[in-house]
Amino acid sequence: MTFPYQGRDIPYTLTRRRNMKTMRAKVMADGTIAVSAAPRVPTAEIVRFLTANAASLLEMQARALARRAAAPTFADGSTVRYLGGDLTLRWHPTPCAAEREGDVLTVFARTPDEARLAWEQWQIRACVALYRQLNLEVYRHFHSAGYDVPLARIEIKDMVSRWGSCTAASGRVSMNIRLMAYPVETIRGVFYHEYSHFLHQDHSKAFYAVLRGLYPAYDRWDALLKK
Ligand SMILES: [Zn+2]
């Protein structure tokens with residue numbers, strides 16, 4: 001089915017639902033415009049509704065398609081983001097430990113699901129090692145600069161809404177595993193940010209004075225996370 005908009009016929013799918021009052025349109029992850037409508041709503045009314053809302057539906061569709069194009073497929077030869085660059089996944093058909101050589105990560109996989117799993121497990125191990133190293137490095141820097149901060153207990157989390165968080169009282173710092181897609185300098189900046197919260201639990205001038213004093217490149221690298 002299609003509806004007209006600016007001289008084009010835009011495709012959509014229609015599902016009739018008894019339990020609906022009128023109708024609702026949404027854009028699915030694959031970009032499909034999906035309409036649910038009560039059985040009694042005439043098609044002409046649905047088309048009018050879609051044409052009236054076409055601008056925002058097409059914008060949502062463009063965003064869904066861009067997200068999909070950017071998402072890794074985990075196919076043999078596809079890429080994943082890793083520390084600010086691209087790693088190419090190579091499927092290996094017989095059991096082997098995941099191994100990285102330059103920009104290529106070879107994993108034991110025969111399907112995209114197996115490749116995704118192998119990649120995630122490899123990334124977690126790399127993340128634990130990197131965060132442990134950055135934690136010590138930043139802790140030592142604070143001490144050498146005369147700040148008495150605790151050695152943070154790092155918790156690696158998969159968070160949607162924040163890159164890191166600090167519970168100063170218990171010395172716990174949560175770090176987002178999704179940072180692993182960004183350059184090490186950016187991740188280091190998040191460590192400096194959270195460590196600065198041991199001294200100031202707000203985003204005051206004093207907080208930023210400590211943060212930028214110890215990590216002058218903070219703003220430049222942190223800007224990547226704002227995109
Ligand atoms: Zn903060």
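Every read-out reported here was derived from the displayed coordinates using simple, explicitly stated rules and does not represent laboratory data. None of the values given here were measured: they were computed from a predicted structure. Using ideal geometry, Cβ is built from the backbone for each residue, glycine included, and neighbour counts are taken over all protein chains shown.
Nearest 10 degrees, 0 to 90: what angle lies between the long axis of helix 43-52 and the longest principal axis of the chain (Cα atoms)? That works out to roughly 40 degrees. Relative to the current alpha-carbon distance between T32 and R63, full extension at 0.36 nm per residue lengthens the span by 10.0 nm.
Per-residue Cβ neighbour counts within 10 Å put V173, V128, V160 in the sequence V160, V128, V173, beginning with the fewest. Between D158 and D202, what's the calculated FRET efficiency when r is the beta-carbon distance and R0 is 25 Å? Round to 0.05. The calculated FRET efficiency here is 0.45.
When DSSP beta bridges are limited to those with both residues in segment 2-69, what percentage is antiparallel, rounded to the nearest 5?
Numbers: 9 of 13 bridges.
Just about 70 percent of them are antiparallel.
Ranking A126, A38, A70 by Cα position along the charge dipole of the chain, where only Lys, Arg, Asp and Glu carry charges on their C-beta atoms, puts A38 farthest toward the positive end.
Computed per residue of the chain from DSSP H runs no shorter than four, each worth -39500 (n - 2.57), the mean residue ellipticity at 222 nm is -12500 deg cm²/dmol. Over all other residues within a Cβ to Cβ distance under 10 Å of V173, the charged ones net out to 0, with Lys and Arg as +1 and Asp and Glu as -1. For the chain, the Stokes-Einstein estimate of translational diffusion at 37 °C and a viscosity of 0.692 mPa s comes to 154 µm²/s, using the Kirkwood hydrodynamic radius over alpha-carbon pairs.
Diffusion of segment 133-191 by Stokes-Einstein, at 4 °C in a medium of 1.567 mPa s and with Rh set to the Kirkwood radius over alpha-carbon pairs, works out to 108 µm²/s.
Relative to the dominant Cα principal axis of the chain, helix 112-144 is inclined by about 40°.
How many percent of DSSP beta bridges within segment 74-227 run antiparallel, rounded to 5? In segment 74-227, DSSP labels about 50 percent of beta bridges as antiparallel. With N counted as the residues of segment 60-114, its alpha-carbon radius of gyration over 2.2 N^0.38 Å works out to 1.28.
The fraction of all Cα pairs in segment 123-226 landing in successive 5 Å bins from 0 to the largest distance is 2, 13, 26, 27, 21, 9, 2, 0, given as whole percents. Full extension of the chain between R125 and K226 yields a length gain of 33.7 nm, computed as 0.36 nm times the residue separation minus the alpha carbon distance.
For the pair E45 and T88 in one chain, pulling the backbone fully straight at 0.36 nm per residue adds 10.6 nm over the alpha carbon distance. Taking Cα atoms only, the orientation of helix 205-214 departs from the longest principal axis of the chain by about 70 degrees. Each residue in D86, D76 was given a count of other beta-carbon atoms within 10 angstrom of its own, and listing them fewest first yields D86, D76.
For the chain, with only Lys/Arg (+1) and Asp/Glu (-1) charged at the beta-carbon, what is the dipole magnitude about the Cα centre, in debye rounded to 20? Present the calculation step by step, with values, prior to reporting the outcome.
Numbers: 31 positive and 21 negative charges, 214 e Å.
Dipole magnitude for the chain comes out near 1020 debye.
Calculated translational diffusion coefficient of segment 2-69 (20 °C, 1.002 mPa s; Stokes-Einstein with Kirkwood radius over alpha-carbon pairs) equals 174 µm²/s.
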